[in-house]
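Encoded as structure tokens, the structure appears first; notes follow it.
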Amino acid sequence: MQRTLAAKAIMVVVLLFQWGQASAENALPRIAIIIDDLGYERAAGERAIALPGAVSFAILPGAPYASRLASLAHENGKEVLLHLPLQATSDKGGAEPGSLVLDMSQQQFMVALAERIDSVPYIVGINTHRGSLLTRHPGHMRWLMDAIVARGDLFFVDSFTTARSVALRVALESGVPAIRRDVFLDPDVEPETIVREFSRLERLARERGSAVGIGHPYPVTLAYLEQALPALSARGIELVPVLSLVGGGSR
């Protein structure tokens with residue numbers, strides 16, 4: 001009797017293992033796409049939010065249409081992120097409005113961060129805007145992650161504007177659910193660039209199982225995505241919210 005029960009238990013374990021392997025083999029490659037820089041142009045923002053599928057939207061704090069577009073995205077079941085401005089190594093044309101900067105004290109940083117978080121409704125995560133200077137500094141990134149941990153309901157995306165960024169490492173060390181951008185879809189607005197980078201995003205997802213792309217509400221980017229996104233399922237790719245790819249956190 002005991003041998004029979006043991007044999008059945010072993011068979012169940014084997015079947016579960018085989019099922020898990022089959023599920024992993026049959027899982028579709030997944031991509032997440034974030035459209036950055038929303039909030040300053042109403043029409044472009046509304047067109048972006050109308051994109052088909054689980055596209056996510058990163059909205060700049062203090063922008064004139066920030067609340068309106070965040071509410072519209074939320075009403076349409078789309079993820080809303082705070083597109084948090086951080087100091088860049090070169091602020092050509094002046095610093096980005098609302099940027100968190102290196103010479104802030106911890107108290108100044110935390111107060112400013114809380115204001116930015118409160119300015120955009122319905123956010124489920126934060127991703128970085130610019131930040132090629134500040135994301136290199138572990139102390140400031142620790143302050144950011146401490147605030148995210150204290151809030152308890154946000155994830156973090158490192159837009160990875162510099163290879164020297166420590167933001168993802170600090171996030172994971174702090175227990176923040178986090179991920180890093182893999183591809184910028186539109187480093188320039190040439191149509192062939194967007195086609196090439198979207199293909200690279202697909203290739204990375206097929207190689208690794210998932211990938212994250214960031215684009216912007218440029219007319220050429222939105223026109224391409226309006227055509228490309230509905231065809232993803234036929235190409236064996238699943239478009240998912242960013243949260244479904246985020247890992248490493250404590251929640």
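From the list Ala231, Ala223, Ala171, which one is farther than 18 Å from Ala32 by Cβ and of a type in the set (Gly, Ala, Ser)? Exactly one of Ala231, Ala223, Ala171 is farther than 18 Å from Ala32 by Cβ and of a type in the set (Gly, Ala, Ser), namely Ala223. Working only within the range 28-45, note down all residues that are part of a helix (DSSP H, G or I) and touching a Lys or Arg at 6+ places or on another chain (Cβ under 9 Å). Once the filter is applied, which keeps residues that are part of a helix (DSSP H, G or I) and touching a Lys or Arg at 6+ places or on another chain (Cβ under 9 Å), the range 28-45 yields Arg42, Gly45. Scanning the range 169-205 for residues that are in a helix (DSSP H, G or I), within 16 Å of Ile126 (Cα to Cα) and of a type in the set (Lys, Arg) yields a single hit, Arg169.
Among the residues of the range 112-146, those identified as under 16 Å from Ala58 (Cα atoms), surrounded by fewer than 21 Cβ atoms within 10 Å (Cβ to Cβ) and of a type in the set (Ser, Thr, Tyr) are Ser119, Tyr122.
Close contacts from the range 57-78, counting a first residue that is closer than 18 Å to Val157 by Cα and a second that is assigned to a loop (DSSP other than H, G, I, E, B) and among the basic types (Lys, Arg), with Cβ to Cβ under 7 Å and a gap of 6+ residues or different chains, come to Phe57/Lys78. Suppose the filter is closer than 27 Å to Gln87 by Cα, more than 15 Å from the chain's Cα centre (by Cα) and modelled with pLDDT of 95 or more; does Ser199 pass it? The answer is no for Ser199.
Taking every residue in the range 202-226 that is over 14 Å from Gly45 (Cα atoms) and pairing it with any residue that is acidic (Asp, Glu), at least 6 positions away or on another chain, the pairs with Cβ-Cβ distances below 6 Å are Leu204/Asp182; Ala211/Asp182; Val212/Asp182; Ile214/Asp36.
With the condition kept exactly as written, say whether any residue in the range 83-94 is in contact with a Leu (Cβ under 9 Å, 6 or more places away or on another chain), more than 29 Å from Ala44 (Cα to Cα) and surrounded by 14 or more Cβ atoms within 10 Å (Cβ to Cβ). No, the range 83-94 has no match at all. The test for being farther than 20 Å from Thr135 by Cα, among the β-branched types (Val, Ile, Thr) and surrounded by fewer than 18 Cβ atoms within 10 Å (Cβ to Cβ) does not hold for Val149.
Quick one: would you say Ala223 is in a helix (DSSP H, G or I) and among the small types (Gly, Ala, Ser)? It is true that Ala223 is in a helix (DSSP H, G or I) and among the small types (Gly, Ala, Ser).
The values are calculated or read from the model by the stated rules, or taken from the named source; none is laboratory data. Model, not experiment: these values are computed from the prediction. Using ideal geometry, Cβ is built from the backbone for each residue, glycine included, and neighbour counts are taken over all protein chains shown.
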